[in-house]
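Heads up: the structure comes next, in structure tokens.
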Amino acid sequence: MSRKPLIAGNWKMNVNHVEAVGLVQKLAWALGDFKYDPTKAECLVIPPFVDLRSVQTLIEADKIPLAWGAQDVSEHENGAYTGDISAEMLLKLGCSYVIIGHSERRQYHHESDFVVNEKTRNALAKGLTPIICVGEGLEVRRAEEHVPFTLAQVAAALEDRTPEQVAKVVIAYEPIWAIGTGEVATPEDAQEVCGAVRGKLAELYGDEVSEQVRILYGGSVKASTIVALMVKPDIDGVLVGGASLNPDEFALITRFYEASGGKSW
Ligand code: 13P
């Protein structure tokens, strides 16, 4: 398996820049205590914009084995877009990843598939790795339309990108009904959709590309649920919300491979 697992913590709108320093320090200690092995998985923190400089400075100074990224990026280059943050600004702060199209942005900021596509285009053009979030709400799940719904979001986000670009993206399947609710999709539910996403990528861009794309699951992930998710063939990592604010819990999640049930990383 050539896809390196990605364990990403989305802090959402929590933790100010002073608290961020404390959280990263505690996480560094916890990763040390739990003997996090950076050859087995990539570990990523995604703080609010205003924390990024503090997080970057600390991680670089103390050589902490963590990558960092942002929760959103503008689709525009620069200019009169009050409140927006450009890809260039994020690169200057050492970000390597950016979340695009999180359900909370689709819901509260009315981000359409078109906007998600534009942001993805811009991030890729600048060299940021997009983590494109997709996933259905409860109504869609109850109607058993979750697979076609999610695949349509994936196709729309990636339309007009080259196969080489698509190979670099990360897709995060986050069923909205499982976010922050304590309701985890079963590993079988998650695999069903993640597997279908990989199948769609193969259909659109070929097997070689689809085998390179990392597909994450997100929604109430905890240390107690990580292994059962990670052993599934098409789940290459997780996007963690609430549990990423607890350094011990998050560090423990990075140890998923200890009980990997036959899947090798
Ligand atoms: P929770 O882990 O808090 O459910 O959040 C998931 C999420 O939205 C990550 O982006």
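The values are calculated or read from the model by the stated rules, or taken from the named source; none is laboratory data. Not measured: the values here are computed from a predicted model. Here Cβ is always computed from backbone atoms with ideal geometry, including for glycine, and neighbour counts include all displayed protein chains. Just so you know, the surface numbers come from the protein's heavy atoms only, side chains and all, with ligands and any DNA or RNA stripped out. Shrake-Rupley method; radii C 1.70, N 1.55, O 1.52, S 1.80 Å.
Can you pull out every residue in segment 123-144 that is basic (Lys, Arg) and open to solvent by 60 Å² or more (accessible area, probe 1.4 Å)? Arg142 - this is the single residue of segment 123-144 that is basic (Lys, Arg) and open to solvent by 60 Å² or more (accessible area, probe 1.4 Å). Only one of the numbered conditions (1) within 15 Å of the ligand (Cβ to nearest atom); (2) touching a Ser or Thr at 6+ places or on another chain (Cβ under 6 Å); (3) charged (D, E, K, R) is not met by Asp84, and that is (1).
Within segment 16-62, the residues that satisfy the criterion of being under 18 Å from Leu93 (Cα atoms) and of a type in the set (Asp, Glu) are Asp51, Glu60, Asp62. Taken residue by residue, segment 101-122 has at least one member that is among the aromatic types (Phe, Trp, Tyr), within 16 Å of the ligand (Cβ to nearest atom), open to solvent by 30 Å² or more (accessible area, probe 1.4 Å) and more than 20 Å from Gly199 (Cβ to Cβ). A residue that is more than 21 Å from Leu66 (Cβ to Cβ) and β-branched (Val, Ile, Thr) occurs somewhere in segment 229-245. Checked against the criterion of being without any contact (Cβ under 8 Å) to a residue 60 or more places away in the chain, of a type in the set (Ser, Thr, Tyr) and crowded, with 17+ Cβ neighbours inside 10 Å, segment 176-183 contains not a single residue that satisfies it.
Table: residues versus (1) in contact with a helix residue (DSSP H, G or I) (Cβ under 6 Å, 6 or more places away or on another chain); (2) within 17 Å of Ala152 (Cα to Cα); (3) more than 16 Å from the ligand (Cβ to nearest atom).
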position: Thr186; (1), (2), (3): no, no, no
position: Val197; (1), (2), (3): yes, yes, yes
position: Ser210; (1), (2), (3): yes, yes, yes
position: Ser220; (1), (2), (3): yes, no, no
position: Leu229; (1), (2), (3): yes, no, no
position: Ile235; (1), (2), (3): yes, no, no
position: Ile253; (1), (2), (3): yes, no, no
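The rows are residues; the columns are (1) open to solvent by 20 Å² or more (accessible area, probe 1.4 Å); (2) free of Cβ contacts under 8 Å to residues at least 12 places away in the same chain; (3) out of contact with any Leu (no Cβ under 8 Å at 6 or more places or on another chain).
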site	(1), (2), (3)
Arg161	yes, no, no
Ala190	no, no, no
Ala202	yes, yes, yes
Val209	no, no, no
Val213	no, no, no
Gly218	no, no, no
Val227	yes, no, yes
Leu239	no, no, no
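Quick grid of which residues meet (1) surrounded by fewer than 18 Cβ atoms within 10 Å (Cβ to Cβ); (2) within 16 Å of the ligand (Cβ to nearest atom):
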| position | (1), (2) |
| --- | --- |
| Ser2 | yes, no |
| Asn10 | no, yes |
| Ala28 | no, no |
| Gly32 | yes, no |
| Thr39 | yes, no |
| Gln56 | yes, no |
| Lys63 | yes, no |
| Trp68 | no, yes |
